Amino acid sequence: MTTWIALFPQAQRGYRASALRLAILCCLITATGRMGWGQSQQSGKDWPQFLGPQRNGISDETGLLNSWPDGGPKELWRVPGGVGMSGIVVSRGRMVTLLQKDGEQRLVSLDALTGATIWELGLAPEYRNGMGNGPRATPTIAGDLILAYTGEGILSAVNFQTGKQIWSHCVVKDLQGRVAEYGMASSPLVSGKLVIVTVGAPNATVAAYDTTTGKLAWTAGDDPAGYSSPAVLNLAGKSQLVVYSGASVLGLSPEQGEVLWRHPYETSFDCNIATPLAIKDQIFVSSGENHGSVLLGLQRKENKYTVTEIWKSQGTKSVLRNEWQTSILHEGHLYGFDNVGAAGPVSHLTCINASTGERVWQQLRFGKGNLIAADGKLFLTTVNGELVVARMRSTGYEEVGRGQVLGSTRQAPTLAKGLLYLRDQEEIVCLDVRQP
């Protein structure tokens, strides 16, 4: 055939073109097959910030375990970690967290499938505090940047790929504030071109910086910082930055930092920690220290806002007192930890009607812990290091299973592409929670 083609150049060109098309087609088929394999092995979404994609603790992943496997979920890897309360974020095959070891607060990047270290970067000297050492805030991944906030309030932007620091500011010191009693705990929020953190300095309850240059964009508010992480919520027909400070709930313009409204909400020791949640154009906040919960309504007339209390449940008989955990909203119900007393040891896992504040059920003395949700289930970790999976049902508590996986931990789990990431003060663990 080669000799025949050589005698007819036009046919030769046609043959070569056909061969080239065939080769390209084969490559496309092979690549598609590989892509399909990769997607089947790693379907789902990333978890790029505190409390997940929507900053509400909820993932829309499905196909997660419905029964507890013999011996618990399969452990994919376990590696040494470090001290701290920072959570884990995952994006594009990498896992990132902020931890303390060898005298430094370090930002670390690991391969999400193997746990192998990609890079580590020291951001600040070690942070020590009587309520626990190490960094508190969870990093945020936004495009090619990672934004991290240390225990004493140093905000840094780091290149996602290389681990090179782009810029850094000692925010609390620069704005003439003081470090919160239990450390700076605001997980950075990226909104547009800005990164936003609570500071608690004079005229700077909250501050925003340009993510690219690190330039200060605006400051707003006069409240102490508290320990909550801000969120952007759609309220009264407008995208608003909602900040739960140590003394109030604030609504601001994310772009300019203009204070739109303020609702006083003071607690002992400024211990407002949970992240605000939007519930049908309303705002839910909750605090421990025997304080309680409130659902706020927001009405807008021209450029003025009026805040009203739809319902509130306060004091020692409150239906829900979130100590540090943000509750989960699902089908009109809130699932969360009700902490009894002033940071006492007794906590009940509780379900309440979000619209009315009425208690629906309680799992008494469940214990302190943290939680996220996906696929109609709660994934909970206890301070004793257990992983618990339970169905989200307003009819009552229904446990899928539980098992010991870690030492003492306060961090919420992280879910990305069917894999659950957990950490304590010594290790980081990855579990496969997909259905077999």
Exception for Q105 within (1) farther than 30 Å from S228 by Cβ; (2) of a type in the set (S, T, N, Q); (3) at pLDDT 95 or above falls at (1)
Evaluate the range 170-183: report whether one residue or more is within 19 Å of T414 (Cα to Cα) and either surrounded by fewer than 18 Cβ atoms within 10 Å (Cβ to Cβ) or in the same structural domain as Q105 (by TED's automatic domain parsing) (or both).
no
Here, strands (runs of 3 or more DSSP E) confined to the range 245-364 with at least 1 residues that are of a type in the set (D, E) and either modelled with pLDDT under 95 or closer than 27 Å to M392 by Cβ (or both) are 304-314, 333-339
Selection over the range 180-213 where residues are under 20 Å from P53 (Cα atoms), of a type outside the set (S, T, N, Q) and outside any loop (DSSP other than H, G, I, E, B) yields a count of 6
Members of the range 266-295 found to be hydroxyl-bearing (S, T, Y), more than 15 Å from V206 (Cβ to Cβ) and surrounded by 22 or more Cβ atoms within 10 Å (Cβ to Cβ), listed by number
S286, S287, S293
Limited to the range 90-148, what total is found for residues that are in a loop (DSSP other than H, G, I, E, B) and farther than 25 Å from G418 by Cα?
13
Can you pull out every residue in the range 132-169 that is charged (D, E, K, R) and surrounded by 17 or more Cβ atoms within 10 Å (Cβ to Cβ)?
R136, E152
Within the range 369-380, does at least one residue satisfy the condition of being more than 23 Å from N353 (Cα to Cα) and out of contact with any Phe, Trp or Tyr (no Cβ under 8 Å at 6 or more places or on another chain)?
no
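Every residue, every condition in (1) without any contact (Cβ under 8 Å) to a residue 40 or more places away in the chain; (2) out of contact with any Gly (no Cβ under 8 Å at 6 or more places or on another chain), yes or no:
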{"position": "I141", "(1), (2)": "no, yes"}
{"position": "E152", "(1), (2)": "yes, no"}
{"position": "F160", "(1), (2)": "no, no"}
{"position": "Q165", "(1), (2)": "no, yes"}
{"position": "E181", "(1), (2)": "no, yes"}
{"position": "A217", "(1), (2)": "no, no"}
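The values are calculated or read from the model by the stated rules, or taken from the named source; none is laboratory data. Just so it is clear, the structure is predicted and the values come from calculations on it, not from any experiment. Here the Cβ is made from the backbone with ideal geometry for all residues, glycine too, and neighbour counts use every protein chain on show.
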